[in-house]
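The structure appears below as structure tokens.
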Amino acid sequence: MSAQGRVALVEDDEDLRASTAQLLTLAGFAVDAWPAAPPALDAIDADFPGVVVTDIRMPAMSGLELFRTLHDRDPALPVILVTGHADVAMAVDALKAGAWDFLAKPFDPAALVAAVGRAMTARGLALDNRRLRAAAASTDETVAAGLIGRSPAIRRLREMVPVLADAGIDLFVEGETGTGKELLARLIHRAGRRARHRFVAVACAALPDAVIDGELFGGAGAGGVAASARGTLFLDDVDRASPMLQARLVPLVENRAVPGSGGRAPTPIDLRVIATGGEGGSAAMLPELFYRLAAVRLRLPPLRERREDVPLLFAHLVDASAARLRVPIPPLTAAARDRLGDHDWPGNVRELAHFADRFVLGLEDQAGAALPPAGTLPDRVAAFERDAIVEAVLIAGGETGAAMEQLGLPRKTFYYKVQRHGIDLAALRRRVRSG
């Protein structure tokens with residue numbers, strides 16, 4: 001049986017120490033056994049990855065003294081006291097002071113194994129919390145801004161940010177929804193000389209043909225393109241732009257000039273273009289536009305391809321969420337830890353951020369899902385439907401078409417349920433943009 005944690009066993013009775021060590025070893029724990037408290041104290045530090053089981057009455061240093069010293073060293077270290085009947089009152093006082101549990105001699109072997117198992121789970125969560133907090137706090141400015149992770153792909157992207165920041169070439173960033181494409185673009189913009197000027201974002205998929213001239217190619221100083229002079233023009237979801245908009249972008253990217261109005265000549269403009277598209281989105285683009293934009297192609301991998309980054313990224317998002325919502329950071333639960341490791345996160349960082357918000361607010365039950373609503377069965381079904389629709393829209397980045405596909409609902413049914421449950425789609429889209 002593989003070891004499921006380490007137990008520091010302190011017992012001066014040689015026979016009891018040997019039998020207890022054997023019991024815990026057979027239960028799957030790695031056991032370090034000592035006949036007295038002082039040598040055990042020397043071996044147990046604040047990062048000890050396990051649980052302490054100690055007798056109370058021992059020469060030189062009692063189990064209570066050992067507990068108090070260890071508790072001062074690390075209050076999150078579980079200490080289980082083994083007592084004689086005459087020591088129960090002392091053990092109860094120790095529980096009030098922070099001891100994990102106590103067992104009276106002669107103890108039930110199964111009770112000891114169960115107590116150690118519960119304490120080991122709590123210790124693992126406490127150490128996970130500690131490591132995540134420390135890792136999040138130690139990230140440098142660029143990582144804290146968003147490119148968080150230790151996966152090879154994220155490390156390479158971090159290394160490329162300063163290299164690309166002042167390079168006079170356009171970029172095309174590919175990735176699924178919620179992976180952080182705009183965040184990467186903003187990091188590159190802020191890292192170079194263009195940071196002194198504007199970063200102008202254009203939501204290409206939401207720009208109707210009728211307003212292209214007014215909103216994108218308006219007069220000097222008014223249109224979106226003109227406002228990005230000496231800065232960065234960010235073309236978000238350019239692969240979902242209309243054919244007309246794509247065609248209008250080709251001469252802009254090629255000539256670096258804003259079309260003149262009223263017969264006037266085009267106005268030259270100094271700008272850097274960073275465009276984004278979905279995975280394989282280049283297939284939906286005019287080749288003449290794609291190849292002009294894609295001087296350098298970058299790809300942000302989905303979370304399912306960099307699972308080792310999820311815990312650290314979650315810790316950063318929880319810290320940010322707690323600060324934004326002005327609430328204390330709750331301890332990591334076993335359910336949340338399991339969800340971080342088991343879920344595929346199809347909505348990527350955006351979905352993980354929403355999960356962090358719910359976690360900070362205590363809206364996750366022990367299964368890692370939203371708390372079930374109270375009320376009648378129809379009320380519960382309605383609440384579940386509403387939450388499922390809201391979650392799908394958020395995961396889809398505010399795109400109702402993608403949400404309908406995810407939910408398996410036809411358009412008419414989707415909008416009927418939206419109206420029935422009073423869901424404000426515009427508010428959800430604003431929440432996506434602000435998050």
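The values are calculated or read from the model by the stated rules, or taken from the named source; none is laboratory data. Just so it is clear, the model here is predicted, and its values are computed rather than measured. In this analysis, Cβ positions are derived from the backbone assuming ideal geometry, glycine residues included, and neighbour counts consider all displayed protein chains.
At a glance:
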read-out	value
Where a residue in the range 112-126 is closer than 21 Å to Asp338 by Cα and its partner, wherever it lies, is modelled with pLDDT of 90 or more and in a helix (DSSP H, G or I), with Cβ under 7 Å and at least six apart	Val116/Leu24
Residue among Ala247, Ala206, Ala210 that alone is small (Gly, Ala, Ser), under 30 Å from Arg304 (Cα atoms) and out of contact with any His (no Cβ under 9 Å at 6 or more places or on another chain)	Ala206
Breaking point among (1) in contact with a Cys (Cβ under 9 Å, 6 or more places away or on another chain); (2) surrounded by fewer than 15 Cβ atoms within 10 Å (Cβ to Cβ), for Gln246	(2)
Number of the exception - Val79 against (1) of a type in the set (A, V, I, L, M, F, W, C); (2) at pLDDT 90 or above; (3) out of contact with any strand residue (DSSP E or B) (no Cβ under 6 Å at 6 or more places or on another chain); (4) over 26 Å from Asp319 (Cα atoms)	(3)
Of all residues in the range 335-348 being assigned to a helix (DSSP H, G or I) and of a type in the set (D, E, K, R), the one that is nearest to Val390 (Cα to Cα)	Arg339
Single residue of the range 9-18 satisfying the filter (touching a strand residue (DSSP E or B) at 6+ places or on another chain (Cβ under 6 Å) and farther than 19 Å from Thr121 by Cβ) that is surrounded by the fewest Cβ atoms within 10 Å (Cβ to Cβ)	Arg17
Residue match in the range 319-333 (condition: modelled with pLDDT of 85 or more and touching a Gly at 6+ places or on another chain (Cβ under 8 Å))	no
1 or more residues among the basic types (Lys, Arg) and under 22 Å from Ala122 (Cβ atoms): qualifying helices (runs of 4 or more DSSP H) within the range 29-105	63-73, 88-97
Odd one out for Ala144, checked against (1) at pLDDT 85 or above; (2) surrounded by fewer than 18 Cβ atoms within 10 Å (Cβ to Cβ)	(1)
Candidate set from the range 170-194 (those that are crowded, with 16+ Cβ neighbours inside 10 Å and among the aliphatic types (A, V, I, L, M)); member that is nearest to Ala294 (Cα to Cα)	Leu171
Residue identified as among the basic types (Lys, Arg) and modelled with pLDDT under 85 among Arg304, Arg292, Arg297, Arg264	Arg264
Condition met for Ala21 (at pLDDT below 90 and either over 20 Å from Ala114 (Cβ atoms) or touching a strand residue (DSSP E or B) at 6+ places or on another chain (Cβ under 9 Å) (or both))	no
Residue among Arg133, Arg118, Arg123 that alone is in the same structural domain as Val52 (by TED's automatic domain parsing), modelled with pLDDT under 75 and under 26 Å from Val52 (Cα atoms)	Arg133
Condition check for Ala30: surrounded by 13 or more Cβ atoms within 10 Å (Cβ to Cβ) and in the same structural domain as Arg118 (by TED's automatic domain parsing)	yes
Ala284 vs. criteria touching a residue at least 12 places away in the same chain (Cβ under 8 Å), crowded, with 21+ Cβ neighbours inside 10 Å, closer than 30 Å to Trp345 by Cα and in the same structural domain as Arg186 (by TED's automatic domain parsing)	no
Members of the range 306-334 found to be surrounded by 15 or more Cβ atoms within 10 Å (Cβ to Cβ) and assigned to a loop (DSSP other than H, G, I, E, B), listed by number	Arg306, Ile329, Pro330, Leu332, Thr333
Residues (in a helix (DSSP H, G or I) and more than 17 Å from Ala201 (Cβ to Cβ)) located in the range 234-258	Pro243, Met244, Gln246, Ala247, Arg248, Val250, Pro251, Glu254, Asn255
Among residues of the range 400-422, those that are surrounded by fewer than 19 Cβ atoms within 10 Å (Cβ to Cβ) and either closer than 24 Å to Ala356 by Cα or touching a residue at least 40 places away in the same chain (Cβ under 8 Å) (or both), counted	4
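This table checks each residue for (1) under 27 Å from Ile148 (Cβ atoms); (2) touching a residue at least 60 places away in the same chain (Cβ under 8 Å).
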{"site": "Leu187", "(1), (2)": "yes, no"}
{"site": "Arg194", "(1), (2)": "yes, yes"}
{"site": "Leu207", "(1), (2)": "no, no"}
{"site": "Gly214", "(1), (2)": "no, no"}
{"site": "Ser228", "(1), (2)": "no, no"}
{"site": "Phe234", "(1), (2)": "yes, no"}
{"site": "Asp239", "(1), (2)": "yes, no"}
{"site": "Ser242", "(1), (2)": "no, no"}
{"site": "Ala247", "(1), (2)": "no, no"}
